[in-house]
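*Asks:* Just dropping this structure here.
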């Protein structure tokens with residue numbers, strides 16, 4: 001069998017990916033299917049680190065957070081990512097995967113603190129590592145956390161799971177003529193505001209020469225195809 005194209009990846013999951021068709025929260029069937037896709041990749045010998053968002057939980061309290069102090073709201077969002085990380089860890093353990101959660105906020109009763117050296121050892125031992133609470137500071141997105149943790153973990157690629165199967169020239173739901181980019185440079189993605197990730201995350205990945213692949217987590221087998229180097233999603237790369 002052909003070897004995977006990547007030995008170590010950083011998978012960025014949005015909180016919304018865990019909702020499925022629900023209005024908010026965690027859909028058990030969806031999380032189990034995502035875990036099955038991750039397990040298949042781990043079975044190939046790929047080391048997997050994960051950063052997950054919290055939009056699926058924070059969406060439920062967003063109306064109450066309107067007008068709230070931004071830093072307070074951001075900390076609430078970080079706590080939502082911890083809840084998602086715990087749910088994902090539970091599903092992984094049930095699926096037979098060895099998994100650890102490290103949090104950028106101090107929550108020792110439910111998660112280890114983020115320690116880079118320990119996380120690297122976990123990955124080398126074949127454990128999945130989930131990074132919760134973003135970078136632990138307000139005003140930064142989980143996209144930026146994914147880029148930062150990807151660099152810190154010496155990942156070969158950041159793989160961003162979305163609801164669409166790549167980056168398009170326009171919104172494919174609104175423009176039937178929109179076409180998917182197979183590859184696009186960082187400078188073009190930033191210049192055209194292609195919404196790959198926020199500008200901070202894109203700039204960090206560009207400066208550290210860490211490529212990004214955007215793909216649909218809802219396409220069966222897509223994660224494996226990305227890891228195997230097949231034409232799946234959109235590769236964002238340096239010139």
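*Asks:* Any residue that is surrounded by 17 or more Cβ atoms within 10 Å (Cβ to Cβ) and out of contact with any helix residue (DSSP H, G or I) (no Cβ under 9 Å at 6 or more places or on another chain) - is there at least one of those in the stretch 54-74?
*Replies:* Checking the stretch 54-74: at least one residue is surrounded by 17 or more Cβ atoms within 10 Å (Cβ to Cβ) and out of contact with any helix residue (DSSP H, G or I) (no Cβ under 9 Å at 6 or more places or on another chain).
*Asks:* Among all residue pairs at least 6 apart or on different chains, which show Cβ distances below 6 Å where the first residue, located in the stretch 96-114, is surrounded by fewer than 17 Cβ atoms within 10 Å (Cβ to Cβ) and the second is not in a loop (DSSP other than H, G, I, E, B)?
*Replies:* Hits for this filter: 112/102.
*Asks:* For the subset of the stretch 195-216 comprising residues that are more than 22 Å from residue 169 (Cβ to Cβ) and touching a helix residue (DSSP H, G or I) at 6+ places or on another chain (Cβ under 6 Å), which member is surrounded by the fewest Cβ atoms within 10 Å (Cβ to Cβ)?
*Replies:* So the residue we want is 208.
*Asks:* Can you confirm whether residue 78 is in a loop (DSSP other than H, G, I, E, B) and out of contact with any helix residue (DSSP H, G or I) (no Cβ under 6 Å at 6 or more places or on another chain)?
*Replies:* No; evaluated as a whole, the condition is false for this residue.
*Asks:* Got a number for residues in the stretch 144-155 being in contact with a strand residue (DSSP E or B) (Cβ under 6 Å, 6 or more places away or on another chain) and in a loop (DSSP other than H, G, I, E, B)?
*Replies:* Counting residues in the stretch 144-155 that are in contact with a strand residue (DSSP E or B) (Cβ under 6 Å, 6 or more places away or on another chain) and in a loop (DSSP other than H, G, I, E, B) gives 2.
*Asks:* Shifting gears a bit: Pairs only if they're at least six apart or on different chains, beta carbon under 9 angstrom, first in the stretch 146-174 and on the phi > 0 side of the Ramachandran plot and touching a residue at least 24 places away in the same chain (Cβ under 8 Å), second crowded, with 24+ Cβ neighbours inside 10 Å and assigned to a loop (DSSP other than H, G, I, E, B); list them, first residue then second.
*Replies:* 166/233
We did not get these values from a lab; they are worked out from the coordinates using the rules stated. Note that this is a predicted model, so its numbers are computed, not measured. Backbone-built Cβ (ideal geometry, glycine too); neighbour counts: all protein chains shown.
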